[in-house]
Amino acid sequence: MNDARISIVGGGISGLSTAIALQRLGIQVEVYEKEKKILEPDTGIILTGNAIRAFYIMGLGPKLHASGLDADGCLLKSDSGKTIAEFDYHAPSHIPNYLFIHRSELRRILTDALLPGSFHLDKHMIDFTRDETMTLFFEDGSFVESNYLISCDGAASQVRKKLFPGSSLEYSGFSCWRGILEDPPMKVQAYTETWGPRGRFGIAPLTDNQVFWYALKRSHTENSDMRDWSPIDLLFNFFYYHEPIQEILENTSPDHIIYDNLYELKPLTPLQTGNILLLGDSAHASMPNIGQGASQAAEDAVYLAKWISTEETIDEAFFRYETHRQERMKIVKEEMKLYGLAARIDFPGLCSLRNKLLQMTPTSYHNAKLRNVVEIEGDMDALQMDWSEF
């Protein structure tokens with residue numbers, strides 16, 4: 001099995017995490033990223049407990065902790081600032097529920113953990129063929145042969161489109177802004193997310209005396225002029241929300257804001273066909289509820305490594321992985337379904353009713369939901385033991 005060659009298309013969090021997990025099992029893995037340089041504007045990212053556990057299994061937990069800030073709790077607030085729900089699950093393992101880190105720092109840690117020479121930039125795959133082996137063709141005219149292909153090329157995956165033409169991304173109806181505030185005039189220590197008629201607004205602390213914030217707002221058209229909104233426009237939208245939201249927007253530079261439309265993959269496709277496997281957003285792009293986009297990608301990586309370490313062939317491992325991951329993703333989707341639907345409510349009267357219902361719900365209920373998402377099953381313990389030498 002160690003003689004098999006695996007090519008990963010996509011050098012984001014999913015691709016890098018998968019390469020690290022497999023390389024540490026002795027698998028020959030090469031990662032191909034279409035960008036010449038990774039120069040995207042920096043922002044924060046929130047990893048939840050399942051991703052933190054996955055990175056510990058990869059041996060990267062201490063480095064991530066040293067580079068970010070962690071917390072066990074998340075407060076859901078109304079637009080007036082009243083707490084409507086609290087997630088405060090305390091895991092027996094003492095692993096935190098949330099880690100706040102700069103995206104650029106997470107990428108650096110992951111890139112540094114790869115075997116030297118296995119990460120290839122400026123390699124835009126434009127097509128592939130598969131006979132006895134895979135052949136990947138790149139825009140620069142080059143090609144490589146491989147035994148297996150893992151698609152980590154994101155929500156707009158070209159690999160998935162070729163394999164499953166009927167699968168498509170659907171606009172979620174929401175726009176998202178992410179920003180970083182440097183040297184904030186206020187002290188932010190807790191992770192909060194505010195729900196109100198004018199959208200959602202999340203706040204989390206970062207290292208280097210910075211604050212990461214994000215905002216989601218319903219937009220009925222995909223090509224909305226909201227993509228041109230400045231901090232002042234956002235301030236006007238959230239003008240009556242509780243502090244420090246206004247103060248954060250007043251002090252954020254326009255250069256430190258990233259705008260995105262949010263998409264969901266429908267219908268969900270099979271994750272595997274022959275010697276090709278879909279991982280990360282390529283397989284299960286969805287709304288970013290409690291940071292599960294990046295967190296599920298890290299989970300994908302360690303569970304694939306688990307099945308490769310226990311099955312006799314990679315083909316069998318791919319099959320077992322797909323069966324398990326489909327079940328796991330259904331669990332995560334079901335646990336988050338209530339909150340996903342509740343967060344979409346933007347009619348003032350219904351917002352008030354939603355808030356009252358959430359306030360009446362015991363904290364133990366919210367914590368049980370969070371536990372089912374962040375806890376990775378006990379069968380991962382064996383994998384941790386196998387990797388202790390790393």
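Structure above, values below:
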| read-out | value |
| --- | --- |
| Selection within region 240-252 - more than 13 Å from T194 (Cα to Cα) and open to solvent by 70 Å² or more (accessible area, probe 1.4 Å) | E250, N251 |
| Positions within region 286-310 being of a type in the set (G, A, S), part of a helix (DSSP H, G or I) and free of Cβ contacts under 8 Å to residues at least 60 places away in the same chain, in sequence order | G293 |
| Helices (runs of 4 or more DSSP H) wholly inside region 48-116 containing at least 3 residues that are in contact (Cβ under 8 Å) with a residue 12 or more places away in the chain and within 19 Å of V332 (Cα to Cα) | 49-57 |
| Odd one out for E222, checked against (1) charged (D, E, K, R); (2) in a helix (DSSP H, G or I); (3) out of contact with any Asp or Glu (no Cβ under 8 Å at 6 or more places or on another chain); (4) in contact (Cβ under 8 Å) with a residue 40 or more places away in the chain | (2) |
| Leading residue by the ranking (nearest to I126 (Cα to Cα)) among those in region 153-211 that are among the aromatic types (F, W, Y) and out of contact with any Phe, Trp or Tyr (no Cβ under 9 Å at 6 or more places or on another chain) | F164 |
| Subset of region 16-53 (residues that are among the small types (G, A, S), farther than 19 Å from V144 by Cα and open to solvent by less than 10 Å² (accessible area, probe 1.4 Å)) | S17, A21, G44, G49, A51 |
| Among the candidates R344, R328, residue that is surrounded by fewer than 19 Cβ atoms within 10 Å (Cβ to Cβ) and under 24 Å from L60 (Cα atoms) | R328 |
| Region 130-188: number of residues that are closer than 19 Å to G293 by Cα, aromatic (F, W, Y) and open to solvent by 40 Å² or more (accessible area, probe 1.4 Å) | 1 |
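The values are calculated or read from the model by the stated rules, or taken from the named source; none is laboratory data. These figures come from a predicted structure and were not determined experimentally. Note: ideal-geometry Cβ built from the backbone for every residue, glycine included; neighbour counts use all protein chains shown. When the accessible area is computed, the model is the full protein with side chains, heavy atoms only, and any ligands, DNA or RNA have been set aside. Shrake-Rupley method; radii C 1.70, N 1.55, O 1.52, S 1.80 Å.
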